[in-house]
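Below is one structure, written out as structure tokens; comments come after it.
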Amino acid sequence: MKRGLPQGCRASESRYAYGPPGDSPGCGVPVIANNDGGVLMRIREWTENDLERVMAITVAAWTPVYNGYLQAMGPDIFHTVHEGWQERKKRSILSSCRNGNGVSVYVVEIGGDVAAFIGYRVDTEQKCGVIWDNAVDPAYQGRGIASAMYRFVLEKMKERGMTVAAVVTGGDEAHIPARRAYEKAGFDKVVPSVRYYMRLGESD
């Protein structure tokens, strides 16, 4: 079911439409029209009520990534290093949601359902903002959500005085969609990195 602006709020022609001040729930939050001009994306700060959805999106979005790790590393090393990755990843995301490491987390709603989340943090000394963990529910991918939330946090960084933005992602096949999305958002300077693994033999 499609849902428009909260009662008492109004849209505008700006990139982020803010409702007028008042007591109406949901006013004063960004509302972004999707590329197809149909569904509205509402971006707002994360709350504890979003916990179940954010955790579900975390596992669904990172499963293909860890499947790629399994193929690249082989089952022996993979299960040694990444056994139980789902719970560890959820704990890491939850820490960010609760402002761990100074991360600010937002969710994207479509029709009242949380479809994605994104975190970012700023380094005021280096004037650099960093996009943190972020993911779109696979059921909602391909609707321009990632592009919208990247634009949103980049604007947030600029509002907080940042002059540079950065993001870290994988160079493997599973991260191809993420790399494409970041490049589409304007990231064009790349510093390659490689992580190696080896099985240690028993000591003599």
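The values are calculated or read from the model by the stated rules, or taken from the named source; none is laboratory data. Just so it is clear, the model here is predicted, and its values are computed rather than measured. Backbone-built Cβ (ideal geometry, glycine too); neighbour counts: all protein chains shown.
Restricting the stretch 157-176 to residues that are closer than 24 Å to Leu70 by Cβ, touching a residue at least 12 places away in the same chain (Cβ under 8 Å) and part of a helix (DSSP H, G or I) leaves a set whose member that is nearest to the chain's Cα centre (by Cα) is His175. Could you go through the stretch 83-99 and let me know if any residue there is over 15 Å from the mean Cα position of the chain (by Cα), surrounded by 15 or more Cβ atoms within 10 Å (Cβ to Cβ), within 26 Å of Met162 (Cβ to Cβ) and touching a residue at least 24 places away in the same chain (Cβ under 8 Å). For the stretch 83-99, residues over 15 Å from the mean Cα position of the chain (by Cα), surrounded by 15 or more Cβ atoms within 10 Å (Cβ to Cβ), within 26 Å of Met162 (Cβ to Cβ) and touching a residue at least 24 places away in the same chain (Cβ under 8 Å): absent.
Report yes if Gly26 is surrounded by 15 or more Cβ atoms within 10 Å (Cβ to Cβ), at pLDDT below 95 and at positive phi, otherwise no. Taking the combined requirement at face value, the residue satisfies it. Among residues of the stretch 40-53 that are free of Cβ contacts under 8 Å to residues at least 60 places away in the same chain, those with a Cβ under 9 angstrom from a residue that is in a helix (DSSP H, G or I) and surrounded by fewer than 19 Cβ atoms within 10 Å (Cβ to Cβ), sequence gap 6+ or separate chain, pair up as Leu51/Leu94. Within the stretch 133-156, if we keep just the residues that are surrounded by 22 or more Cβ atoms within 10 Å (Cβ to Cβ) and free of Cβ contacts under 8 Å to residues at least 40 places away in the same chain, the residue that is nearest to Ser92 (Cα to Cα) turns out to be Asn134.
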